[in-house]
Amino acid sequence: MSGGVDRVAFVAGIAFVLLGGLLCLDQLDLIGLSWGLTAAALCAAAGVVLVAAGLAPEGRDE
């Protein structure tokens, strides 16, 4: 195993942290988050992770 960073896991972690921050801002009443905006944020996060997975190299045989 090489010492490189797994980009897909890194992007998924960043998306998870950003979603958590968004939910915290909603709980602190700093923003008003409706169900529609929550669903859009979840779909955007899932899309970012899927794009990162699609751009990742197939094998790590290098």
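All of the numbers you see were taken from the coordinates with simple rules; none came from a lab. Quick caveat, the model's predicted, so the values are computed rather than measured.
Comparing Gly13, Gly36, Gly47 in a Gaussian network model of the chain where C-alpha atoms under 10 Å apart are linked, the largest mean-square fluctuation is found at Gly36.
Based on alpha carbons, the Rg and Dmax found for the chain are 15.1, 49 Å.
The length gained on full extension between Ala53 and Trp35, counted as 0.36 nm times the residue separation minus their Cα-Cα distance, comes to 3.8 nm. Couplings 3J(HN,Hα) of the range 8-23, computed from phi: 5, 5, 5, 5, 5, x, 5, 4, 5, 5, 5, 5, x, x, 5, 5 Hz, in residue order, whole Hz [Karplus 6.51 cos²θ - 1.76 cosθ + 1.60, θ = phi - 60°; x for Gly and Pro].
Calculated mean residue ellipticity at 222 nm for the chain: -23500 deg cm²/dmol, from DSSP H runs with n ≥ 4 weighted as -39500 (n - 2.57), summed, divided by the residue count and rounded to 500. Mean-square fluctuation check for the chain, GNM, Cα pairs under 10 Å: which of Leu25, Leu50, Leu42 is largest? Ranking Leu25, Leu50, Leu42 by mean-square fluctuation puts Leu25 first.
Dividing the mean sequence gap of close Cα pairs (under 8 Å, 6+ apart) by how many residues the chain holds gives a relative contact order of 52 percent. Does anyone have the angle between helix 35-55 and the longest principal axis of the chain? Alpha-carbon axes, 0 to 90°, nearest 10? It is inclined by approximately 10 degrees. Between Ala52, Ala39, Ala12, the GNM of the chain built on Cα springs shorter than 10 angstrom shows Ala39 fluctuating the most.
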